[in-house]
């Protein structure tokens, strides 16, 4: 399918062309956004199309329109269109279902809202804890985190405004998410793929790591490779230096994730960076303990491996200040995290 250069929405047409190559003239179910984000509306995606699939397992295939430049080129990067990706999501479908669930479209809108509001983008291999079931009305669901991988059928395309990757959202159980933090997301998904054809998300399943054989394969990979997560985007990464004592301050919600990432990075000789809006805290493996400010907004902490267990033990999701015995002069302060909804408003729930 060719792209008409005179089309007023060539980016949209390029996405349609990619989908036509997969679905032909099948008419999708489509949600459109009436009050667009650029005009002050609440939803960043201008549209979401959904296709009903029967193979390799019955599922809905969601595809977004709005993370890229659909109408005219506005960014200065000629290589990529907009953020460089559109979301896709494959959700297990009951063969009798006639309409896709609205919550899945809301999930994609929420992810787009996060990117536009925070400036933090997603890429294949990233993962995120959504702090509850990904299906908001399914409190009994074990699927409470997501990972991102290149859509195995749509991949990447060229458009008049630059390249676009189709970045598939994959639901993970909590144990699988923890494994992704300790290892590598794409390696984990490859191990799980025989039980997740086309990475279809099934919110009714339990953790695939309940299978001892799969769990052993993942544990061996973690031991061999360590974690590929070099940067964690966090809400709090602050510090104070006073009279020879350095206090590191992190949020209760993200403290366990930081601990997991430290184990997977430092033990394999790799740094870990915590990046907040205005600060950067870098942990590095070292022969001796040291703390050095690298400018007004950056701190480097070198940690001997013999002290790693004590440091990670202090990163519990309960508020409080904890001296790290193996690192004299270092205190970890965990502060409560106020939960926010998809619009950035505090919900009243506090972690820690």
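To keep it simple, each residue is scored yes or no on (1) buried (at least 16 other Cβ atoms within 10 Å of the Cβ); (2) more than 16 Å from residue 178 (Cα to Cα); (3) in contact with a strand residue (DSSP E or B) (Cβ under 8 Å, 6 or more places away or on another chain).
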position: 214; (1), (2), (3): yes, no, no
position: 220; (1), (2), (3): no, no, no
position: 225; (1), (2), (3): no, no, no
position: 237; (1), (2), (3): yes, yes, yes
position: 250; (1), (2), (3): yes, yes, yes
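Among the residues making up the stretch 195-205, those that are touching a helix residue (DSSP H, G or I) at 6+ places or on another chain (Cβ under 9 Å) and either surrounded by fewer than 19 Cβ atoms within 10 Å (Cβ to Cβ) or at pLDDT below 95 (or both) are 195, 205.
All of (1) outside any loop (DSSP other than H, G, I, E, B); (2) touching a helix residue (DSSP H, G or I) at 6+ places or on another chain (Cβ under 6 Å) hold for residue 246 with one exception: (2).
Check the stretch 35-58 and report whether any residue there is loosely packed, with under 14 Cβ neighbours inside 10 Å, assigned by TED's automatic domain parsing to the domain that holds residue 109, at positive phi and modelled with pLDDT under 95. Looking for residues that are loosely packed, with under 14 Cβ neighbours inside 10 Å, assigned by TED's automatic domain parsing to the domain that holds residue 109, at positive phi and modelled with pLDDT under 95, one finds at least one in the stretch 35-58, hence yes.
Is at least one residue of the stretch 165-185 surrounded by fewer than 18 Cβ atoms within 10 Å (Cβ to Cβ), in a loop (DSSP other than H, G, I, E, B) and either assigned by TED's automatic domain parsing to the domain that holds residue 53 or in contact (Cβ under 8 Å) with a residue 60 or more places away in the chain (or both)? Within the stretch 165-185 (the criterion being surrounded by fewer than 18 Cβ atoms within 10 Å (Cβ to Cβ), in a loop (DSSP other than H, G, I, E, B) and either assigned by TED's automatic domain parsing to the domain that holds residue 53 or in contact (Cβ under 8 Å) with a residue 60 or more places away in the chain (or both)), the answer is no, since none of the residues qualifies. Checking residue 324 against (1) in contact with a helix residue (DSSP H, G or I) (Cβ under 8 Å, 6 or more places away or on another chain); (2) under 21 Å from residue 129 (Cβ atoms); (3) surrounded by 17 or more Cβ atoms within 10 Å (Cβ to Cβ), only one condition comes out false. Which one? Just one mismatch for residue 324, condition (2).
Quick one: would you say residue 105 is in contact (Cβ under 8 Å) with a residue 40 or more places away in the chain and under 17 Å from residue 59 (Cβ atoms)? Talk me through it step by step, then tell me what you get.
Values: in contact (Cβ under 8 Å) with a residue 40 or more places away in the chain: yes; under 17 Å from residue 59 (Cβ atoms): yes.
Taking the combined requirement at face value, the residue satisfies it.
Taking (1) more than 30 Å from residue 76 (Cα to Cα); (2) outside any strand (DSSP E or B) in turn, residue 153 satisfies each apart from (1). The set of residues in the stretch 22-76 that are in a loop (DSSP other than H, G, I, E, B) and closer than 17 Å to residue 10 by Cβ comprises 46, 66, 67, 68, 69, 70, 71, 72, 73, 74, 75.
The values are calculated or read from the model by the stated rules, or taken from the named source; none is laboratory data. Since we're looking at a predicted model, the values are computed, not measured. Methodologically, a virtual Cβ is constructed for each residue, glycine included, from the backbone with ideal geometry; neighbour enumeration extends over all protein chains shown.
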